[in-house]
Amino acid sequence: MTTGMKLKQFLLHAKRTGVELPFDLIELIHEVSITCKEIAATVSRGELSGVLGVAGSENVQGETQKELDIITNDIMVEHMKVSGLVAGMGSEEVDDPISVPAQERGEYILLFDPLDGSSNIDVNISVGTIFSVLKAPMGCRAEPSLNDYHQKGTQQRAAGFVVYGPSTVLVLTTGQGVNMFTLDNSIGEFVLTKEGVEIPEDTKEFAINLSNKRFWEEPMQQYIEDCLQGEKGPLGKRYNMRWVASMVAEVFRILVRGGIFMYPYDNRDPSKAGKLRLMYEANPMSFIIEQAGGMSSTGHERIMDVEAKDLHQRVPVILGSRNEVAKVVEYHLKDEDAA
Ligand code: P6P
């Protein structure tokens, strides 16, 4: 019985029982969890921190940065830069890859969105940190080249997110299923609270920002119209809808009770393939969703197979309960065939 184990204790136990888990990857995950505890403490202070609101700057995405976007980014960067575990880092909040001093380099590349959903921070809705771990091709021997960052989602060694909600929960996969660790503030440790998460294959709950409907491609418009027709419609089910505008909250809900989350391509800015970023949002979330028995697609291909060409590349996202995602993919394939 491993429920109740602390994060590092659980990972070391898994390694002893035969799971392929290098010690330095265990250490990296543990260091990221320490950073997320610091972020949790910072975020939970809310107005007391005096740093809610906008920072008066924009990130590489052209999005207004919140003070806390920058503060949480700096917490992650400064902590991991001297961990001796990463050779380089990529952050949603920083245009270029983040270098690590030669004497501090480790074997991995860490990609992260330090505070996903930060537009919600001022209205006290759950936000989170998302991270993805890749192997640095040259390890600690050299600074990773730009191309070293452009690895497919299938190359990830670990992926996780921490949702800062009513409780702070770390969701983690290293390729052997998905486990959840709840932060016990009385001892300052992430404690295993759910082992072997499995997403229900079917769902009646979809999550999408419906206000963008007129900008979507035809198959997505058709699927949502069919959902809204309820049990008398072609899908034969009465659907419920959620939209938190915080991906970590949506994905956590889907891991717990099933569902489908969609941020599809829309033509508001044809130069952008979607809103969400492949390397530090879609890929880590897709690794987790697939490891929990779900499915994650662009509508045309498996997200973890998408060729990575840019650190901040965007991608359409359709993920969650596998049978529902398969339906949406079918709408897209029919549209392709009709073209
Ligand atoms: P919209 C948060 O900014 C985020 O990247 C995701 O966490 C979330 O699902 C989405 O964007 C919300 O987008 O357009 O509804 O505000």
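Just a few scattered comments:
- Residues of segment 257-282 classified as more than 12 Å from the ligand (Cβ to nearest atom), closer than 18 Å to Val197 by Cα and either free of Cβ contacts under 8 Å to residues at least 40 places away in the same chain or surrounded by 19 or more Cβ atoms within 10 Å (Cβ to Cβ) (or both), total: 3
- Answer residue from segment 55-97, given it is charged (D, E, K, R) and in a helix (DSSP H, G or I) and is most open to solvent (accessible area, probe 1.4 Å) among those: Glu78
Table: residues versus (1) hydrophobic (A, V, I, L, M, F, W, C); (2) modelled with pLDDT of 95 or more.
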residue	(1), (2)
Leu228	yes, yes
Ala245	yes, yes
Asp269	no, no
Ser286	no, yes
Ile303	yes, yes
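- Index of the failed condition, Tyr223 passing every other in (1) within 16 Å of the ligand (Cβ to nearest atom); (2) modelled with pLDDT of 95 or more: (1)
- Test: residue in segment 138-154 that is in contact (Cβ under 8 Å) with a residue 60 or more places away in the chain, closer than 22 Å to Glu198 by Cβ and of a type outside the set (A, V, I, L, M): yes
- Residue in segment 242-253 that is away from the ligand (no atom under 12 Å from the Cβ) and polar (S, T, N, Q) present: no
- Looking across segment 124-136, just one residue is more than 12 Å from the ligand (Cβ to nearest atom), closer than 21 Å to Ser167 by Cβ and open to solvent by 10 Å² or more (accessible area, probe 1.4 Å), and that is Asn124.
- Residues of segment 12-53 classified as part of a loop (DSSP other than H, G, I, E, B) and among the acidic types (Asp, Glu), total: 1
- Close Cβ contacts (under 6 Å, 6 or more residues apart or on different chains) running from residues in segment 111-126 that are farther than 12 Å from Val248 by Cα and assigned by TED's automatic domain parsing to the domain that holds Val94 to residues that are assigned to a loop (DSSP other than H, G, I, E, B) and at pLDDT below 90 comprise Asp122/Leu52.
- Test: residue in segment 98-110 that is open to solvent by less than 10 Å² (accessible area, probe 1.4 Å) and β-branched (Val, Ile, Thr): yes
- Single unsatisfied condition, Tyr164 versus (1) open to solvent by 60 Å² or more (accessible area, probe 1.4 Å); (2) within 16 Å of the ligand (Cβ to nearest atom); (3) not assigned by TED's automatic domain parsing to the domain that holds Ala292: (1)
- Here Glu201 meets the list (1) within 15 Å of Ala292 (Cβ to Cβ); (2) within 16 Å of the ligand (Cβ to nearest atom) almost entirely, failing just condition (2).
- Pair list, Cβ < 8 Å and 6+ apart or interchain, from segment 180-207 residues that are among the charged types (D, E, K, R) to residues that are surrounded by fewer than 15 Cβ atoms within 10 Å (Cβ to Cβ) and part of a strand (DSSP E or B): Lys204/Asn240; Glu205/Asn240; Glu205/Met241; Glu205/Arg242
- Test: residue in segment 13-30 that is closer than 17 Å to Ile130 by Cβ and either crowded, with 20+ Cβ neighbours inside 10 Å or modelled with pLDDT of 95 or more (or both): yes
- Test: residue in segment 249-267 that is closer than 25 Å to Leu134 by Cα and either assigned by TED's automatic domain parsing to the domain that holds Arg157 or over 16 Å from the mean Cα position of the chain (by Cα) (or both): no
- Test: Ile39 is buried (at least 19 other Cβ atoms within 10 Å of the Cβ), under 24 Å from the mean Cα position of the chain (by Cα) and either at pLDDT below 90 or not small (Gly, Ala, Ser) (or both): yes
- Segments classed as strands (runs of 3 or more DSSP E), wholly inside segment 112-218, with at least 3 members that are under 28 Å from Ser44 (Cα atoms): 127-135, 158-164, 168-173, 178-184, 189-195
The values are calculated or read from the model by the stated rules, or taken from the named source; none is laboratory data. Bear in mind the structure is a predicted one, so any value in this text is a computation, not a measurement. So basically every Cβ, Gly included, is an ideal-geometry build from the backbone, and we count neighbours across all protein chains shown. Note: areas computed on protein heavy atoms with side chains; ligands, DNA, RNA excluded. Shrake-Rupley method; radii C 1.70, N 1.55, O 1.52, S 1.80 Å.
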